[in-house]
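Heads up: the structure comes next, in structure tokens.
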Amino acid sequence: MAAAAFEEIVETFEFLDDWEDRYAHVIDLGRAMQPLDESLRTPATKVDGCASQVWLVPQVEGQVITFDGDSDAMIVRGLIAILRTLYSGRTAREILDIDAPAEFARLGLDSHLSAQRSNGLRAMIERVRLFAASAA
């Protein structure tokens with residue numbers, strides 16, 4: 001059920017041999033994202049439960065939801081980029097049907113992130129799911 005862009009990330013992770021290369025790829029994904037406009041970095045868009053500063057901004061056009069986001073930590077920016085490929089461009093129902101922990105497990109990130117980063121990732125996933133539930 002994952003989007004084609006997410007499948008490309010999965011394939012890239014399978015191709016990369018070690019975790020140093022995979023982390024570098026996650027950081028590169030974050031660097032490729034446009035920075036979030038300062039006006040969108042508000043308490044309403046800030047994600048609680050993350051060790052670093054994280055903002056997620058949803059937009060709805062018709063039935064389709066997209067997300068922008070940013071963080072002051074490069075690895076977290078990369079995680080946001082991956083979340084965007086997993087969730088953006090889908091309906092609220094599709095978002096709620098995605099098993100994000102299982103999808104991230106396909107990347108092996110579940111066993112290679114620190115406890116703080118894992119908690120932050122869970123907080124970001126929960127924020128996306130709460131938005132999708134309210135939009136459904």
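The values are calculated or read from the model by the stated rules, or taken from the named source; none is laboratory data. The model shown is predicted, which means the values in this text are computed figures rather than measured ones. Note that we place each Cβ from the backbone using ideal geometry, even for glycine, and neighbour counts take in every protein chain shown.
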Within the range 22-56, count every residue that is in a helix (DSSP H, G or I) and of a type outside the set (A, V, I, L, M).
8
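May I ask you to say which residue of Ile125, Ile95, Ile82 is under 16 Å from Phe6 (Cα atoms), touching a strand residue (DSSP E or B) at 6+ places or on another chain (Cβ under 8 Å) and at pLDDT 95 or above?
The match here is Ile95.
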Here are Ser71, Ser118: which of them is more than 19 Å from Ala3 (Cβ to Cβ), touching a Lys or Arg at 6+ places or on another chain (Cβ under 7 Å), among the small types (Gly, Ala, Ser) and surrounded by 12 or more Cβ atoms within 10 Å (Cβ to Cβ)?
Ser71
Six or more apart or on different chains, Cβ atoms under 9 Å: show the pairs whose first residue is in the range 1-28 and under 30 Å from Arg93 (Cα atoms) and whose second is among the charged types (D, E, K, R) and surrounded by fewer than 13 Cβ atoms within 10 Å (Cβ to Cβ).
Met1/Asp97; Met1/Asp99
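So which of Val128, Val76 is assigned to a helix (DSSP H, G or I) and under 20 Å from Thr12 (Cα atoms)?
Among Val128, Val76, only Val76 is assigned to a helix (DSSP H, G or I) and under 20 Å from Thr12 (Cα atoms).
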Name the one entry in Gln59, Gln63 that is loosely packed, with under 14 Cβ neighbours inside 10 Å and closer than 19 Å to Met33 by Cα.
Gln59
When the range 37-53 is checked residue by residue, the ones that are of a type outside the set (Asp, Glu) and either exposed (fewer than 14 other Cβ atoms within 10 Å of the Cβ) or at pLDDT below 95 (or both) are Ser39, Thr42, Pro43, Ala44, Lys46, Gly49, Cys50, Ala51, Ser52, Gln53
